[in-house]
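Contents: one structure, followed by commentary.
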Amino acid sequence: MVHNFNAGPSILPKEVLEQAGKALFDFNQTGLSILEIGHRTALFKEVIDESVATVKELMGLDNEHEVLFLHGGASTQFFQVPMNLLNEDETAAYLDCGVWGSKAIKEAKLFGKVEIVASSKDKNYTYIPKDFTIPPLAKYFHFTTNNTIEGTQAHFVPDTGIPLIADMSSDIMSRTMDFNRFSLIYAGAQKNMGAAGVNIVIVKKDILGKVIRKLPAMMDYRQHIEAGSLLNTPPVFAIYICMLTLRWLKAKGGVAGIEKVNETKAQLLYDTLDKLTIFQPTVRMEDRSKMNVVFIMKDAVLEKEFLDACKENGMIGIKGHRSVGGFRASLYNALPLESVKALTDLMKEFARRKG
């Protein structure tokens, strides 16, 4: 058995892969592949309508929020957000708590002023800043809810008084929260929602249309809303995978149901790490991510041997990001508890032999 701990593109539910495989040859008994259907046909309209409706249902979104499926991934949103929301003489507030947040800050500075309200760069992004003040006159506040590379997660939603923007690429729909508090949420689908190639954007309509700059059609959220995510040819297959994954999540009890499973997986792995002195988590305890568990070995000489043991036991994606090293186990929604048990059993056996 292969245990897929990849950080993204990441594991998909087996049922989704089986259904998608059938649709590659015959979509809904049409004799056509899902790769061949027209994006403006009734066939695809059913797919995107169901996808939008299920997102709204699972996240409990009100009628003021629109759901878009767009090209470009989260990295495009780093500049599309300020392009749509920030004038050159205005200021946006950003929290700098990881690589992706710092990239978002860099892009935002192309369109207006940026105030970094707090940063955890001083400790190599191993914690989430909490004691910060959000300027009340800022146009919006932006933060990354979960840091895939560094293994930190914000276990709070800040009170802002201004529009709240979140990059939820690596923890969207993994835990319950009041999603209506956010004016804009964006996330690459390839971790918890589907396959690579599509980006979900959830935007509150009343924040749009206030910048004075002219926007290219493909960068204007309002035009995508008007066109129902069909302003140009969408990533049809990637959206179809999202639809199937959302169906799977709904059948699992929705966000609340999967949150319980995710809590169990994370607790098992962190408890094991804390008990085995051969391993060492790198993140401050209260800020540990329940999606991306990052750790090192106290004796770095053993790291290659442990990676080899993981490979021999079918554990994929355990090696840490190249910028931080060590190890990373991603526990996304579709990862079964059995995979985490297999990893912790291996860690215990390795520690017994080497500890």
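Would you check if Glu57 is in contact with a helix residue (DSSP H, G or I) (Cβ under 9 Å, 6 or more places away or on another chain), open to solvent by 60 Å² or more (accessible area, probe 1.4 Å), in a helix (DSSP H, G or I) and acidic (Asp, Glu)? Against the criterion (in contact with a helix residue (DSSP H, G or I) (Cβ under 9 Å, 6 or more places away or on another chain), open to solvent by 60 Å² or more (accessible area, probe 1.4 Å), in a helix (DSSP H, G or I) and acidic (Asp, Glu)), Glu57 qualifies. Scanning segment 60-73 for residues that are in a helix (DSSP H, G or I) and either open to solvent by less than 10 Å² (accessible area, probe 1.4 Å) or of a type in the set (Phe, Trp, Tyr) (or both) yields no hits at all. The single condition among (1) more than 23 Å from Val157 (Cα to Cα); (2) within 18 Å of the chain's Cα centre (by Cα); (3) not aromatic (Phe, Trp, Tyr) that Cys97 does not satisfy is (1).
Only a single criterion out of (1) under 30 Å from Lys252 (Cβ atoms); (2) surrounded by fewer than 21 Cβ atoms within 10 Å (Cβ to Cβ); (3) not charged (D, E, K, R) is not satisfied by Gly98, namely (2).
If we scan segment 160-167, do we find a residue that is at pLDDT 95 or above, farther than 20 Å from Ser75 by Cα and surrounded by fewer than 16 Cβ atoms within 10 Å (Cβ to Cβ)? No, segment 160-167 contains no residue that is at pLDDT 95 or above, farther than 20 Å from Ser75 by Cα and surrounded by fewer than 16 Cβ atoms within 10 Å (Cβ to Cβ). Out of the residues in segment 2-38 that are at positive phi and not polar (S, T, N, Q), state the one that is surrounded by the most Cβ atoms within 10 Å (Cβ to Cβ). Among residues in segment 2-38 that are at positive phi and not polar (S, T, N, Q), the one surrounded by the most Cβ atoms within 10 Å (Cβ to Cβ) is Gly8. Inside segment 283-306, residues that are loosely packed, with under 14 Cβ neighbours inside 10 Å and either in contact with a Lys or Arg (Cβ under 7 Å, 6 or more places away or on another chain) or under 16 Å from Tyr127 (Cα atoms) (or both) make up a count of 3. Looking across segment 106-125, just one residue is outside any loop (DSSP other than H, G, I, E, B), under 14 Å from Ala138 (Cβ atoms) and touching an Asp or Glu at 6+ places or on another chain (Cβ under 6 Å), and that is Ile116.
One residue stands out among those in segment 164-185 that are under 17 Å from Thr152 (Cα atoms) and not in a loop (DSSP other than H, G, I, E, B): the one that is nearest to the chain's Cα centre (by Cα), which is Asp167.
Within segment 139-159, the only residue that satisfies the criterion of being among the aliphatic types (A, V, I, L, M), farther than 13 Å from Pro129 by Cβ and either touching a residue at least 40 places away in the same chain (Cβ under 8 Å) or open to solvent by less than 10 Å² (accessible area, probe 1.4 Å) (or both) is Ile149.
Put simply, of Thr272, Thr344, Thr245, Thr277 the only residue that is of a type in the set (Val, Ile, Thr), closer than 19 Å to Asn6 by Cα and more than 20 Å from the chain's Cα centre (by Cα) is Thr344. For the residues Lys304, Lys275, Lys298, the requirement of being out of contact with any helix residue (DSSP H, G or I) (no Cβ under 9 Å at 6 or more places or on another chain) and without any contact (Cβ under 8 Å) to a residue 12 or more places away in the chain singles out Lys304.
The lone criterion from (1) out of contact with any Leu (no Cβ under 9 Å at 6 or more places or on another chain); (2) of a type in the set (Val, Ile, Thr); (3) crowded, with 16+ Cβ neighbours inside 10 Å left unmet by Thr41 is number (3). Looking for something in contact with a strand residue (DSSP E or B) (Cβ under 6 Å, 6 or more places away or on another chain), farther than 21 Å from Val211 by Cα and in a loop (DSSP other than H, G, I, E, B) - is there at least one such residue anywhere in segment 74-89? Within segment 74-89, not a single residue is in contact with a strand residue (DSSP E or B) (Cβ under 6 Å, 6 or more places away or on another chain), farther than 21 Å from Val211 by Cα and in a loop (DSSP other than H, G, I, E, B).
The values are calculated or read from the model by the stated rules, or taken from the named source; none is laboratory data. Since the model is a prediction, treat every value here as computed from it, not as a measurement. FYI the Cβ positions are ideal-geometry reconstructions off the backbone, even for glycines, and counts take in every protein chain you see. The protein model used for the area step is the full one, side chains on, heavy atoms only, and it has no ligands, DNA or RNA in it. Shrake-Rupley method; radii C 1.70, N 1.55, O 1.52, S 1.80 Å.
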